[in-house]
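Notes follow the structure.
FYI, it's all coordinate maths here, none of it is from the lab. Here the structure is a predicted model, which means the values were calculated and not measured. Glycine also receives a Cβ, built like all others from the backbone with ideal geometry; neighbour counts cover every protein chain displayed.
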Amino acid sequence: MATLPVFEKFVNDLVAIWAAESDIRERMTKARPVLEVLVRDDTLREHAKVWPSTDVPVSNLLLYEDPTYGFVVNAVVRTAGRRGSAHDHAHAWVLYGVLDGTESLERFDRLDDGSVPGRAKIKLAGVTQGGRGKVDLVEPYAIHAEQGGPARSVAVIVRSEMLAGRVKQSRFNVDTGEISSGNGPVQIPYTLA
């Protein structure tokens, strides 16, 4: 099955970056403007109008997993007003780009020293508002939450590696301080054809 040409070019550009650069921070930094171009593309935005919601169960559309370098391209489709919980992506790096609608990215500071297992004191450090074309870089172990806007929103995510089902990620309850761990969102293979 043929892939959308804009997405095929995007993947080829990522593969070229990974082939030329071994440092993961540099890979993700160089991939950021490539993702910015993709999430501004009208063809992909139009195609995304029919993508299914990823709210229930909490899931990601799995658009691509690279067989050589292991990076992953996901998409999330949020219904209007969808609230996300504070979490991290363990040791992985993540680029998060808004393709359609608006979302906000909340970032949290951890205030405790981590000496009490299963507990963390976190505080909202800042909120980045994002519309179409906005790409955020989330570093390893950075505590954050994505929040949906007033209308349906779509984002494309580049992960340095597949985490879901392979690496436990932490979730943080802002009110109680409880930390839980889980496998991450369900991965739903989805072809951009």
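3J(HN,Hα) along the stretch 175-192, derived from phi through the Karplus expression 6.51 cos²θ - 1.76 cosθ + 1.60 where θ = phi - 60°, amounts to 7, 9, x, 6, 10, 10, 10, x, 7, x, x, 4, 9, 10, x, 9, 9, 8 Hz, with x in place of Gly and Pro.
For the stretch 133-181, applying the loop criterion from DSSP together with a ceiling of 13 other beta carbons within 10 Å to the trypsin sites (Lys or Arg not before Pro) yields Arg166, Lys168. In order along the stretch 120-135, phi translates into HN-Hα couplings of 8, 9, 10, 9, 4, 9, x, 10, 9, 7, x, x, 3, x, 7, 10 Hz, rounded to whole numbers, per the Karplus curve 6.51 cos²θ - 1.76 cosθ + 1.60 with θ = phi - 60° and x for Gly and Pro. The order of the peptides 81-88, 142-149 by mean Cβ neighbours within 10 Å, most packed first, is 142-149, 81-88. The angle separating the long axis of helix 24-38 from the principal Cα axis of greatest extent in the chain is about 60 degrees. For the chain, the mean projected area of the C-alpha convex hull, equal to one quarter of the hull surface, is 10.7 nm².
For the chain, the longest principal axis of the Cα atoms and the long axis of helix 5-20 meet at an angle of about 60 degrees.
The 3J(HN,Hα) values that the Karplus relation (6.51, -1.76, 1.60; θ = phi - 60°) gives for the stretch 156-167 are, in residue order, 10, 10, 10, 10, 5, 6, 6, 9, 3, x, 10, 10 Hz. Gly and Pro appear as x.
Taken over the stretch 34-186, lysine pairs spaced eight or more positions apart, or on distinct chains, with alpha carbons under 26 Å apart number 4.
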